[in-house]
Amino acid sequence: ANVVSVIACICAAMHRPQCLDIFVELELACHKTFDLIDSLVGVSSMRTLRENVLRDLAFAYDLPLKQLSDCLKRYPFVDPAPLDERLTRVIESIQEWLAWITRPEWLVEALQRVGQKVQEAAASGTRGAKVDLDLDEFGKYTYPVPAKLRDLQALVRPFLEPHSRHHIYGLDSVIGELIRALLRLYHTAKAWDDTLTDSLKAVAEAHEAQGAGDQRAALAELCATCDLDVFETAHRFARIDRAKFPLGDGDIEGVCQTLPLYVDRRILRGPPQMLLEWGSYGASASMADKSVGRRLKRHSVYGAALDAVQDVDGDEATTPLEKARAECLAWWREQRFFFGAPTGIFASALLAFLVDAGFHPDPYVAEMLPRVLDRLFGAQLSCDGFLNRLLPILGDYVDSRGEEVPSGQALPLRTQPARCAETLLVFLRQWADLVLSDEEEELAQRRRAKEKKRGSVRRASRFVMEAFQGKLMESGHTVHTVIEMLEGATPVVPRKADSDEKRYKVDQVLVRTWQLLTRRHLDLVDFLDENSRDLGPYMHLRLDDPESVGQQIGHVPKAAWSIVNPEVSKAAAQGYELGDDDDDQDWTWDEDAEAKFGLASLVDWFALRLADWPSTFGPETGGSSSTFIKFFSQEGRRISRGFLQGLPSLPWSFGSDERNTIIVDVPHREGVAPFHCVFAQSKFHPKRVVVLALGDPMSPMHVVCPKYQPLQIRNGDRLTCQQWTFDLRLERVDAHMEQLSLCTDEGTIFKVPFEGCYVGAGSRSRALEHQPYFPPTKFALDHRLRGMAAVHVVFQFQPSTNRWLLIDHSPDPLGSLLLLRPGVAYPLSRGLRLKLGPLILEVDRDADEG
C-alpha cells in the first residue's frame with residue numbers, strides 16, 4: 001500500500017501542467033535545458049554527458065524543487081522572487097555551458113586553439129608550463145554554485161527559526177535535499193569539464209612533443225570521451241584548419257583505426273563523475289589520472305575484456321571498482337554480447353552462469369528478474385547500460401557475512417559468485433514490488449482510458465459534492481480561519497496534518513520509484529509518440545525494369561514528388577461514411593493476452609518474410625548449410641505467430657547464437673552477429689513495432705530505402721549511398737521548423753534548403769520515365785561516383801508537419817541504405833525491407849490476420 005501511494009503521488013506530480021508554480025523564471029530555465037537536450041536526441045556525440053546532466057537536473061526538478069514550490073506557495077508572507085532569481089542563475093549556468101560544449105564546432109575550435117597555443121609557445125621559447133596555463137581557458141564552467149547555495153540558505157534562514165511567527169514546518173529538510181541535488185548537478189558538470197580540459201592538455205603535450213603515436217593516442221582518447229564514432233571523428237577532423245593544427249590524412253586514419261580500442265577503455269572506466277555516487281570527487285579525479293598511463297592491447301571483438309586494459313608494468317586493474325567492472329565486461333564479451341543484448345537473454349545468461357557455479361535459482365527469481373529488467377531497461381540492455389546503469393544500482397547493502405557491499409562492486413562474477421547470487425536477491429527485494437505496482441497502475445490507466453473512450457457516463461453524473469468539499473478543506477483549516485490568517489488577525493499556523501507528517505526526505509525508495517516512473521534507466525532513443533504517422537505500406541519497385549514500374553504505379557502526376565501505394569489509393573477512394581468511428585474501434589487492448597504475454601494483441605499481425613538472399617546460400621544450389629534460408633525461402637513461409645506454432649509474443653531476437661528467438665545460422669564472417677537485432681513493441685506507441693540493432697561493427701544492419709516512396713528522417717540518421725555516407729542532422733531554427741544538413745566524412749556540410757534538394761553524380765540531371773518530381777537544387781558529387789545515379793536520393797520538407805522526408809531514386813536495389821544505430825528504435829511499416837547481413841527481410845502481415 002505504501003508503494004502504491006508513493007507511485008500515485010509521484011505520478012500526480014509529474015503530470016501537472018505547471019510544476020513550479022511560484023518559480024516562474026526557474027521553470028523557464030529548466031525547460032530551456034530540457035529542450036536543448038531533446039534537440040540533440042539521436043546525436044551520438046556527447047551523449048553520455050547529456051544523459052548525466054538530464055538525470056541530475058530532472059531529479060532536482062521532479063523532487064526537491066517541486067516540493068519547495070508546494071511548500072512555500074501556501075504562505076502569503078513568502079516572496080519567491082529572490083529564491084527564483086538565484087536558482088534560475090544556477091540552472092542557466094548549466095544550460096549555457098552545456099549549449100557551448102555540445103556544439104558540433106566545439107572540438108574543431110578547441111583543437112585549433114590548442115595548435116595556436118603550441119605554436120605561440122614554440123615561437124616565444126617557452127614550453128609545456130605555458131601551454132598548460134593557457135589551456136585553462138577551456139574550463140568554461142566557473143560559476144560558483146556552492147557559494148550561491150550558501151546565499152540561498154541565508155535567504156530562507158528567517159523561515160527556519162523554530163520560535164518565529166514565520167516558521168515553516170519542514171522547510172529545512174526540503175532545502176537540505178535541494179542543496180544535495182544541485183551540488184550533484186554541479187559536480188557532474190565540473191567533473192566533465194575537468195576531464196575534457198585534461199584531455200585537451202594531453203593533446204597539447206603530445207602535439208608539442210611532436211610524437212605521432214602519442215598525438216594519435218591523445219586524440220583517440222579525446223574522441224572516445226566525447227562519444228564520437230569513426231564517422232564523426234573523420235568528419236570533424238577533416239574540418240580542422242591544417243595551418244592552425246597540423247593533422248594529415250594518415251593521422252586521421254590512424255585515429256579512426258585505434259578509436260574502437262579507446263572506446264572499450266572508456267566503457268570499462270565509465271563516465272568521469274560516476275564515482276560521485278560512491279565516493280568523492282577526488283576519487284574520481286585520481287582514477288582518471290591513473291588511467292592516463294595505460295596502454296591497450298588488441299583483442300578480438302568478443303575476446304576477454306581484461307586484456308583490453310592493463311597497466312604499463314603488466315598488472316591488472318587494482319582498485320575494487322576497476323576489478324568489478326573488468327569482470328563484468330569480460331563476462332559480457334564471453335557471452336558474445338557487444339553493443340547490446342536482449343533483456344530476457346541477458347537475465348537467462350546471468351542465471352545460467354550462477355547455476356553453473358553451483359547455485360540453484362529460486363523460481364521467483366527466475367520469473368521476476370526478466371520482468372524487472374524489462375521494466376527498467378526495455379527490450380534491450382546496452383553495454384553502457386549494463387556497466388553504468390545496472391551496476392551502480394546493485395549493492396549498497398550488508399551481506400550475510402556482515403561485510404558491506406559498495407555500489408558498483410556487487411557483481412564480481414569471476415571471483416565471488418556467491419555474492420552475485422545474494423546481490424540479485426537484494427536487487428529483487430528492492431525493485432520487485434515497485435515493478436508490480438507500476439504494472440498494476442499502467443493496466444488501471446488503460447482500463448480508465450478505455451472506459452472514458454466509451455463515453456457511456458456523462459462527466460456531470462460523476463460529480464460528488466462531498467468529495468469536492470473535502471478537497472476544499474484539504475489544508476486542515478476552515479474558510480474563516482484562512483481569511484483571518486490572510487488579514488493578519490490570526491498568526492499563521494501549520495497545517496493540522498503537519499504534526500502527523502514525516503519530514504521530507506529523499507530516501508532510496510523514493511529514488512527508485514522516481515527512476516522507475518520516469519524510465520530513467522531506459523537506454524533507448526525512441527522517436528515515436530502518439531501522434532507519429534505511419535507512412536506505409538510500402539511496395540517493392542525494380543527501377544531497372546521501367547515496364548514493371550509503370551504497371552505497378554501507373555501514371556505519376558507531374559508535380560508529385562513521391563508515388564502513392566495503390567492499396568492506399570483504393571482505401572482513400574472509398575470515402576468517409578457517418579458510421580465510421582474516428583477513434584479506431586478495432587484498437588483495443590486484449591487484457592487476457594496482456595496478462596499472459598505482457599503485450600497487446602494488436603501486434604499479433606506482425607510478420608517477416610525472407611525476401612532475398614545470396615545465390616550461394618540458395619537451396620537450389622544444393623550447397624546451402626543454412627537451415628534458416630532453406631526453410632523460409634519456400635513460398636508462403638513467414639516468421640509470425642500464426643505460421644510458427646509456439647513462437648512467443650514480441651520481443652523477438654535474431655542472430656546466430658542458439659539462445660535467440662529466431663536462429664539465423666549464417667556465419668559471422670557473412671555479417672550476422674551472435675545477437676544481431678530485436679523486434680519489439682514501441683514503448684511510446686502501442687500500435688507500432690520497432691527494430692533495435694545489437695550487432696558489432698562488423699555486422700551492421702540497414703533499412704533498405706523504398707523506391708520513389710517517402711521515409712521520414714530523424715536527427716542523427718546515417719545514410720549510406722554506395723561509397724558515400726551522409727550524417728543527417730536536424731537543427732531547430734524556430735519552434736515549428738528544423739533545418740536539415742548533410743554531413744560527409746570529408747568534412748563537408750550541405751544545408752538543405754526548405755524547398756528540398758537531391759544528391760547525385762555530376763552537375764546535370766534529367767527526369768526519367770515514371771520518375772516523380774525532384775527539386776532543382778542539387779548536392780553534386782564529383783568523385784567516388786561508382787554506382788551513383790544522377791538523381792540518387794531526394795530530400796523534401798513538409799512544413800505543415802515539420803517533417804523531412806527521404807525519397808530514394810537510385811536504380812540499384814541497395815543503392816540507399818539507412819544504418820540502424822545501436823540504442824535507437826526504428827519504427828517499422830508494412831512492406832519495409834531490412835538488410836540483415838546478406839539477407840533481406842520484409843515486414844509483412846500474418847496471413848491468418850488478413
_Which of the numbered conditions does residue 500 fail, given that it passes all the others? Conditions: (1) charged (D, E, K, R); (2) under 30 Å from residue 163 (Cβ atoms); (3) modelled with pLDDT of 80 or more; (4) open to solvent by 70 Å² or more (accessible area, probe 1.4 Å)._
(3)
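In the list 612, 604, 592, 583, which residue meets the criterion of being modelled with pLDDT under 80 and within 30 Å of residue 837 (Cα to Cα)?
604
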*Just give me the residues in the stretch 200-224 being touching a residue at least 24 places away in the same chain (Cβ under 8 Å) and open to solvent by 10 Å² or more (accessible area, probe 1.4 Å), in sequence order.*
201, 202, 205, 207, 208, 212, 215, 216, 217, 221
*Determine, yes or no, whether residue 764 is basic (Lys, Arg) and closer than 30 Å to residue 637 by Cβ.*
no
*Looking only at the stretch 730-740, decide whether some residue is modelled with pLDDT of 90 or more and under 19 Å from residue 787 (Cβ atoms).*
no
*With the condition kept exactly as written, say whether any residue in the stretch 301-310 is modelled with pLDDT under 90, assigned to a helix (DSSP H, G or I) and open to solvent by 10 Å² or more (accessible area, probe 1.4 Å).*
yes
*Can you spot a residue in the stretch 354-365 that is touching a Phe, Trp or Tyr at 6+ places or on another chain (Cβ under 9 Å), at pLDDT 90 or above and of a type outside the set (Asp, Glu)?*
no
*Any chance you could count how many residues in the stretch 34-77 are open to solvent by 30 Å² or more (accessible area, probe 1.4 Å), in a helix (DSSP H, G or I), over 30 Å from residue 484 (Cβ atoms) and among the polar types (S, T, N, Q)?*
1
*For the stretch 322-348, how many residues meet the condition of being closer than 14 Å to residue 414 by Cα and part of a helix (DSSP H, G or I)?*
13
_Restricting the stretch 634-660 to residues that are assigned to a loop (DSSP other than H, G, I, E, B) and within 16 Å of residue 842 (Cβ to Cβ), the residue that is most open to solvent (accessible area, probe 1.4 Å)_ = 635
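Against the definition (farther than 19 Å from residue 563 by Cβ and buried (at least 17 other Cβ atoms within 10 Å of the Cβ)), how does residue 797 come out, yes or no? Please lay out each step first, then the result.
On the way: farther than 19 Å from residue 563 by Cβ: no; buried (at least 17 other Cβ atoms within 10 Å of the Cβ): yes.
Spelling it out, it is not the case that residue 797 is farther than 19 Å from residue 563 by Cβ and buried (at least 17 other Cβ atoms within 10 Å of the Cβ).
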*asked:* Being charged (D, E, K, R), under 19 Å from residue 535 (Cα atoms), open to solvent by 20 Å² or more (accessible area, probe 1.4 Å) and modelled with pLDDT under 95 is true for just one of 845, 784. Which residue is that?
replied: 845
*Taking the stretch 379-401 as the search range and keeping residues that are at pLDDT below 90 and of a type in the set (Gly, Ala, Ser), which one is least open to solvent (accessible area, probe 1.4 Å)?*
395
*Mind counting the residues in the stretch 225-261 that are surrounded by fewer than 20 Cβ atoms within 10 Å (Cβ to Cβ) and among the aromatic types (Phe, Trp, Tyr)?*
1
*May I ask you to list the residues in the stretch 402-421 that are part of a helix (DSSP H, G or I) and surrounded by 18 or more Cβ atoms within 10 Å (Cβ to Cβ)?*
419, 420, 421
*Name the residues in the stretch 662-693 that are more than 20 Å from the chain's Cα centre (by Cα) and more than 21 Å from residue 617 (Cβ to Cβ), would you?*
687
*Tally time: how many residues in the stretch 716-760 are open to solvent by 20 Å² or more (accessible area, probe 1.4 Å), within 18 Å of residue 705 (Cβ to Cβ) and of a type in the set (Val, Ile, Thr)?*
2
*Do we have any residue at all in the stretch 515-524 that's at pLDDT below 85, open to solvent by less than 90 Å² (accessible area, probe 1.4 Å) and not polar (S, T, N, Q)?*
yes
*Before we move on, is residue 88 over 24 Å from residue 236 (Cα atoms), open to solvent by less than 40 Å² (accessible area, probe 1.4 Å) and among the hydroxyl-bearing types (Ser, Thr, Tyr)?*
yes
*Applying the selection to the stretch 156-179, what residues are surrounded by 14 or more Cβ atoms within 10 Å (Cβ to Cβ) and assigned to a helix (DSSP H, G or I)?*
156, 159, 171, 172, 173, 174, 175, 176, 177, 178, 179
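The values are calculated or read from the model by the stated rules, or taken from the named source; none is laboratory data. The structure displayed is predicted, hence computed values, not measured ones. Using ideal geometry, Cβ is built from the backbone for each residue, glycine included, and neighbour counts are taken over all protein chains shown. Remember, those area values only see protein heavy atoms, side chains included, never the ligands or the DNA or RNA. Shrake-Rupley method; radii C 1.70, N 1.55, O 1.52, S 1.80 Å.
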